[in-house]
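The block underneath contains the structure these notes are about, expressed in structure tokens.
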Amino acid sequence: MQIKAALIDAVRDRQAVLFAGAGISWKAIGFGGAHIRDQLGMQIKRDYPSYEFQQRSLEVVCDEYAALNDRIALVDRLAALIPQDKDPQESHVAAVKSFRFIVTTNWDLLFEGAYRKINKHYQVLSQDADAPMFNYDQRNLLKIHGSADRPVSLVATTDDYENYSETHANLLQKVADLLQNNTVLFVGYGLGDEHIRHLLAQVRRSRQQWARKAFAVGYYDEVRSKLLASRQIETIDADADEFLTELASQAGVN
């Protein structure tokens, strides 16, 4: 697999950050957001038989579940739906070897399992209060939408998203610093998260021609690739799992 020398060098020099989305967890977990939505929807349907959850987004169903019950019931239910005993993929292990900084919107514990597999110390930042623990000399996992083993940290409802810049200001600043100062690799990530788009736009405005190179791994059509290129993100047509494993090999990390 041909990988750009600039990306290999950035990983080898510890000057790269990985943004990992749901696509990197699918094979290990076996389901995605639609399954979680359906499980919540079926719970609501028990009390409201005419409820049609299939046409709703996960965020909307979370809103409605919380309104009918309460937020604690919602996050406890969400956390229970995420299996915590799944083994990480080879790509997760390659990722934690390759990147000192990993940012993810995933709730699962696959990266934590990968860190344990290579017997390396790491720290998880899943709430705003965790931001002071960030350390450039250690491995950092920034779970910006929370973690299944800390249900109250989960970001799931419209209120969560709309208030995020205030409730997670310190954590967002850490992410902004990483974007400013590192080569960025998006893997399994739809690039639809409002907060990340906002941060990327900030970086482009502030650094202009000095912005670091960004890459996105996945199967994008020509139109999507051109859109990402207009945002200074170069697309790489490859399978996410295979790419991360090969990147670790070519960068010679351990």
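Scanning the stretch 216-238 for residues that are in a loop (DSSP other than H, G, I, E, B) and either among the β-branched types (Val, Ile, Thr) or within 13 Å of Ile3 (Cβ to Cβ) (or both) gives Asp237, Ala238. Right, Ser57: of a type in the set (Ser, Thr, Tyr) and under 30 Å from Asp177 (Cβ atoms) or not? Spelling it out, it is not the case that Ser57 is of a type in the set (Ser, Thr, Tyr) and under 30 Å from Asp177 (Cβ atoms).
Annotation for the stretch 30-47: no member residue is part of a helix (DSSP H, G or I), touching a His at 6+ places or on another chain (Cβ under 8 Å) and within 29 Å of Leu244 (Cα to Cα).
Quickly run through the stretch 58-85 and pick out the residues that are at pLDDT below 95 and either loosely packed, with under 12 Cβ neighbours inside 10 Å or over 20 Å from Val152 (Cα atoms) (or both). The answer is Asp85, and nothing else. Of the residues making up the stretch 137-158, those that are in contact (Cβ under 8 Å) with a residue 24 or more places away in the chain and out of contact with any His (no Cβ under 9 Å at 6 or more places or on another chain) number 14. Looking across the stretch 112-149, the residues that are open to solvent by 80 Å² or more (accessible area, probe 1.4 Å) and not in a loop (DSSP other than H, G, I, E, B) come down to Arg116, Lys117, Ala129, Pro132, Met133. In the stretch 12-29, of all residues being assigned to a helix (DSSP H, G or I) and of a type in the set (A, V, I, L, M), the one that is surrounded by the most Cβ atoms within 10 Å (Cβ to Cβ) corresponds to Ile24.
Residues considered: Leu247, Leu191, Leu199. Of these, the only one that is over 14 Å from Val17 (Cβ atoms) and either within 20 Å of the chain's Cα centre (by Cα) or modelled with pLDDT of 80 or more (or both) is Leu191. Per the listing Ala156, Ala169, the residue uniquely open to solvent by 40 Å² or more (accessible area, probe 1.4 Å), farther than 28 Å from Arg12 by Cβ and at pLDDT 90 or above is Ala169.
The values are calculated or read from the model by the stated rules, or taken from the named source; none is laboratory data. Predicted model only: the values in this text are computed from it and were never measured. Cβ: placed from backbone, ideal geometry, glycine included. Neighbour counts: every protein chain shown. All accessible areas refer to the heavy atoms of the entire protein, side chains included, with ligands and DNA or RNA removed. Shrake-Rupley method; radii C 1.70, N 1.55, O 1.52, S 1.80 Å.
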